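Undergrad: Here it is, the structure in full.
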Amino acid sequence: LREKVALACRILAQEGHESALAGQITARADEPGTYWMLSFGLGFDEAQKSNIVRVDSDLNILEGEGMPNPSNRFHLWIYERHPKVNAIIHTHPPHCSALSMIGEPLKVSHMDTSMFYEDVAYMPEWPGVPIGDEEGRMISEAIGDKRAILLAHHGQLSACKNIEEATMLSIFIERAAKLQLMARAAGSIRDIKPEFAREAHDYRLGDKYVGAVFCYYARRVLRESGDVLE
């Protein structure tokens, strides 16, 4: 799991999700009430197994060397309120950020983004920098029973059952936002048939499919950055 968190960081850096030190990737550790995360002060492209640290619910480091990210406090609210969530990824990729600025929810109207059909929430108001308890409460409530959420004036967040699923959704929500902005510039976005969209949603989120997608992106990272697992 520690290696997967490091790989997820590198994958999203490669996919253009980096925004200096903004954004976080966390995963629920095997030990109850503890979580893996990238040490604060490092960019996603610097992630290695060795700088992924394990913290408790007060953000005290239990394993590894470094500094916990104070912005991860709002992740703990989501973990507390959603016990089936085992991995959270929050990033500020450019197209999600642009879409979040115009007050428009994510529109699902393409096969490649069908995993978000009826499975993405929208938070229309920005609560400020998410480092306090109030922001954690608001985001954990706004996501509801969805796997993903578009945060107004902010970015995207995926809260999933494992790091593989959260990584794939983070990649494709940015693609969905890009497609939406491109399509709106050219004309009106047409709806897709709900029965087809639901079928595609379930297919794209099948465990074997998600695992294969994660492995594909991991191989791309490892071809360029073999040191990530050191």
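Undergrad: How would you order 153-165, 15-27, 74-86, 203-215 from highest to lowest mean count of nearby Cβ atoms within 10 Å?
TA: Those peptides, ordered most packed to least, come out 153-165, 15-27, 74-86, 203-215.
Undergrad: While we're here: Which residue, T91, W77, T113, has the largest displacement toward the positive end of the dipole of the stretch 61-189 when charges sit on each Cβ (Lys, Arg +1; Asp, Glu -1)?
TA: The Cα lying farthest towards the positive end belongs to T113.
Undergrad: Going by a ≥ b ≥ c, the root eigenvalues of the Cα gyration tensor, does the stretch 164-230 fall in the rounded group (a/c under 1.5), the prolate group (a/b larger than b/c) or the oblate group?
TA: It comes out oblate by the Cα gyration axes.
Undergrad: On to the next question. Could you check how much of the accessible area of the chain is carbon and sulfur, as a whole percent, using a 1.4 Å probe?
TA: So the carbon and sulfur contribution to the accessible surface is 52 percent.
Undergrad: Could you check the simple spin-label distance between M67 and D191, using points 7 Å along Cα→Cβ, in nm with one decimal?
TA: With each label point 7 Å from Cα toward Cβ, the separation is 5.0 nm.
Undergrad: Suppose each label sits 7 Å from its Cα in the direction of the beta carbon; what would the S19-W126 distance come out to in nanometres?
TA: About 0.9 nm separates the two model spin labels.
Undergrad: Right, here's the next one. If you take the square roots of the eigenvalues of the alpha-carbon gyration tensor of the stretch 55-94 and sort them as a ≥ b ≥ c, do you get rounded (a/c under 1.5), prolate (a/b over b/c) or oblate?
TA: Cα axes put the stretch 55-94 in the oblate bin.
Undergrad: Rounding to the nearest 20 debye, state how big the charge dipole of the stretch 1-114 is about its Cα centre with +1 on each Lys and Arg Cβ and -1 on each Asp and Glu Cβ.
TA: 240
Undergrad: Running a GNM on the chain with Cα contacts under 10 Å, which residue among A166, A98, A185 ends up with the highest mean-square fluctuation?
TA: Greatest mean-square fluctuation among the candidates belongs to A185.
Undergrad: Find out how many positive minus negative residues lie around Q180, taking Lys and Arg as positive, Asp and Glu as negative, among other residues whose Cβ is under 14 Å from that of Q180.
TA: Combined, the nearby Lys, Arg, Asp and Glu give +1.
Undergrad: Can I ask one more? If R0 is 25 Å, what FRET efficiency do you get for R137 and T34 from their C-beta distance, rounded to 0.05?
TA: The formula returns an efficiency of 0.70 here.
Undergrad: Can you tell me how the stretch 72-230 classifies by the Cα gyration tensor, rounded, prolate or oblate, using a/c under 1.5 as the rounded cut?
TA: rounded
Undergrad: Kindly list the residues of the stretch 153-180 that lie in the label zone of D45, defined by a backbone N under 19 Å from the point 7 Å along the Cα-to-C-beta vector.
TA: 171
Undergrad: Now, a different point. Hey, what number do you get for the chain at 222 nm if only DSSP H runs of n ≥ 4 count, each worth -39500 (n - 2.57), divided across all residues, to the nearest 500?
TA: Calculated at 222 nm, the ellipticity per residue is -13000 deg cm²/dmol.
Undergrad: Can you give the FRET efficiency for E3 and M111, using 1/(1 + (r/R0)^6), R0 = 30 Å, r = Cβ-Cβ distance, to the nearest 0.05?
TA: Once the sixth-power term is evaluated, E becomes 0.45.
Undergrad: Shifting gears a bit: Restricting to lysines 8 or more places apart or on different chains, can you count the pairs in the chain with Cα atoms under 24 Å from each other?
TA: The number of close lysine pairs in the chain is 19.
Undergrad: Quick one: accessible area per residue over the chain, 1.4 Å probe, rounded to a whole number of Å²?
TA: On a per-residue basis, 47 Å².
Undergrad: Based on Cβ point charges of +1 for Lys and Arg and -1 for Asp and Glu, what charge dipole magnitude is obtained for the chain about its Cα centre, in debye rounded to the nearest 20?
TA: 680
Undergrad: Helices from the chain with mean Kyte-Doolittle at least -1.0 and a Cα length along the axis of 24 Å or more, per DSSP H: which?
TA: Long hydrophobic helices here: 163-186, 207-224.
Undergrad: Compute the distance in nm between two label points, each set 7 Å from the Cα along the Cα-to-Cβ direction, one at K84 and one at M101.
TA: Simple spin-label model gives 3.6 nm for this pair.
The values are calculated or read from the model by the stated rules, or taken from the named source; none is laboratory data. Quick caveat, the model's predicted, so the values are computed rather than measured. Every residue, glycine as well, gets a Cβ built from its backbone with ideal geometry; the counts of neighbours run over all protein chains shown. Please note that ligands, DNA and RNA were not included when accessible areas were found on the heavy atoms of the full protein model with its side chains. Shrake-Rupley method; radii C 1.70, N 1.55, O 1.52, S 1.80 Å.
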